[in-house]
Structure formats: structure tokens, C-alpha cells
Amino acid sequence: MKVEVAYAKPDVQVILTVNVPENATAETAIAASGILDRFPEIDLTKDKIGIFSKVCSIDQPIKPGDRVEIYRPLIADPKEARRARAAKK
Amino acid sequence: MLAVFVVCALFALLGLILGYSARRFKVEGDPLVDKIDAVLPQTQCGQCGFPGCRPYAEAIARGDADINQCPPGGEEGVIALADLLGVEPKPLSAEHGIEKPKSVAIIDESKCIGCTLCIQACPVDAILGAAKHMHTVIASECTGCELCVAPCPVDCIRMEPVKETLATWRWPEPKAVGQ
């Protein structure tokens, strides 16, 4: 079955289509895509992954057409950002 | 007895012919809607008042919508639609918006709080991210529809015109006759 593996940074974004066996997990799709060689900064022990904007575990079974996404952490602290906005008002 | 066999054989034969022609001469949907949809820019921005390009194409085919309601398509889009449908071209309708250069959304990473509101607004899944994780616009998927700009609670999304590079350069569209 065909699935996509995606990773995005501000300057470069990739969506790779991979063919994986029926009982594949998110991890097999990521391994099959070779995206880890292209972006050595991805660390699957730390970086969260998900399918279509829903965080999932690395051994999540995947369905045809899924987009397995590798996320990056936030830079801003949402709570601090909220305090700063409240102070401005 | 023979008559029963003959009738059965005849019915089986006719059934086969019907089944074959149903497959051979199948009409896939409404071909006019497909042709109109192919002319539309597929930004899925909803400025025409319909929830996407295909619903707008269906409305034009039904006669419920005019051909000048698509600002991203611009004057050239209106002329292409007029050619296709054999009607007179008309200027873009101002109430649906004005024609702008093709843009993509850019997220200011130092402000993004990972709220997913822009992801929910994006009609083409062009934003990669999840709750409490960085959101990033996938430039090659972004249609420049601007639907993600308004929902952002920290105003960290801006639209930037697409720069002309080797990857994005296209042969200019021919100017329509009579312009």
C-alpha cells in the first residue's frame, strides 16, 4: 500500500511516497522512506511523530493513504506567549 | 422445451451485451463539470461562495453561479471559462475579491504556539504539525488561499508572493484575443 512520509522545516519541506506491506507501522514507513538519512537531525527517540496532525506512537499501524509526519518542538512557550498577550491588552 | 432453451439463451446473450456496453461506454460523472473544474485554479479558497473549486464547477454547470466569481483564476480564468462554455467573458465580480499574485503562507516559528487552528482551516493539508508541536507550511502544497491567516490567535502567519525560481517558473499564459 502507498503511504506518505513528511517532514518540514521553514526552508525545506519533503513529502515522500513509499510502498509498504499491508501490516506496516509508522516506523516501517519512516525507515522505508530513507528520510532519516536525508535529515540526520531527526531523532525518533525524542521527536514526536503522528498521522495527519494527530500524534501517535511509533508502532502505530498505518492505513493506505496515511501521511506519517515527523514533528519538531515549539520555539515559543505557549504559556509565556499568552502572558505577554494578556499584559499587552 | 426447445422454446424455453432458446429464450434462456437469448436472454443470456442480451444480458452479456448489456453488461459489456455498460462497461465499455461508461460515462464518468458529468464531463462538463470535470472540464470546468480543470480550468479552475484548485486553490479551494472558497472566495466564490462555494466550499471549494469542484462545488463551484458544479454550480456553474447547473447555471447557479456566474463565471466571474473566482479571484485566484483572474481575468484569464474568466476568459477560459467563457471560451469553454461559449458565453461572453465579463470582468471579475468585485464582491468576491480581487486578483492577487500567487502567494504562499509562511509561519513565524518564534511565535507559533502549536494550537492546530491553521491546520484545521487548511483545505489542502499543506500545514504539517500537531498540537503543541511546530506548525510548518509545506510550500509545494500551499495554494495561497489565505484561509489559515485569520484563525491564528498569535497572528504568526503571513502571505508572501511566490518568488520566481527554476522550480516555480512557468511559461507565461498566452494573452487572450481581444484583450
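Only the coordinates and a few stated rules stand behind these numbers; no lab work does. Note that the coordinates shown come from a computational prediction; the quantities given were computed from them, not determined experimentally. Glycine also receives a Cβ, built like all others from the backbone with ideal geometry; neighbour counts cover every protein chain displayed.
Below, the figures for the structure above:
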item: Stokes-Einstein translational diffusion, the range A:1-50 - Kirkwood Rh over all Cα pairs, 1.306 mPa s, 10 °C, in µm²/s; result: 139
item: More than 19 Å apart - percent of Cα-Cα pairs taken over the range B:31-96; result: 15
item: Length-normalised contact order for the range B:1-106 - Cα pairs under 8 Å, 6+ apart - percent; result: 19
item: Sequence of B:M159, B:M134 once ranked by neighbouring C-beta atoms within 10 Å, starting from the fewest; result: B:M159, B:M134
item: Intensity falloff of chain B expressed as log10 I(q)/I(0), Debye formula with alpha-carbon point scatterers, at q = 0.18, 0.20 Å⁻¹; result: -1.17, -1.29
item: Descending principal axes extents, the protein assembly as shown, alpha-carbon based, whole Å; result: 90, 57, 38
item: Percent antiparallel among DSSP beta bridges (both partners in the protein assembly as shown, rounded to 5); result: 85
item: Gyration tensor over alpha-carbon atoms, chain A, equivalent ellipsoid semi-axes in Å; result: 30, 14, 11
item: Long-range Cα-Cα pairs in the range A:39-89 (distance over 13 Å), rounded percent; result: 67
item: Rel. contact order, % - alpha carbon contacts under 8 angstrom, at least six apart, chain B; result: 17
item: Order of B:C8, B:C112 - criterion: other Cβ atoms within 10 Å of each residue's Cβ, fewest first; result: B:C8, B:C112
item: Cβ-based exposure ranking for B:F11, B:F25, B:F50, in which fewest neighbours within 10 Å come first; result: B:F25, B:F11, B:F50
item: Angstrom value of the Kirkwood radius, inverse mean 1/r, which spans all Cα pairs in the range B:101-162; result: 11.2
item: Potential lengthening between A:K89 and A:K2 on full extension [0.36 nm per residue; Cα-Cα distance subtracted]; result: 26.4 nm
item: Label point distance in nm, B:D108-B:V124, each placed 7 Å from Cα along Cα→Cβ; result: 2.5
item: Percent RCO, i.e. relative contact order, over the range A:34-89, from Cα pairs under 8 Å lying at least 6 residues apart; result: 29
item: Pair B:L13, B:D30: separation of 7 Å Cα→Cβ label points (nm); result: 4.0
item: Distance between modelled label sites at A:E41 and B:K90, nm, 7 Å Cα→Cβ extension; result: 5.2
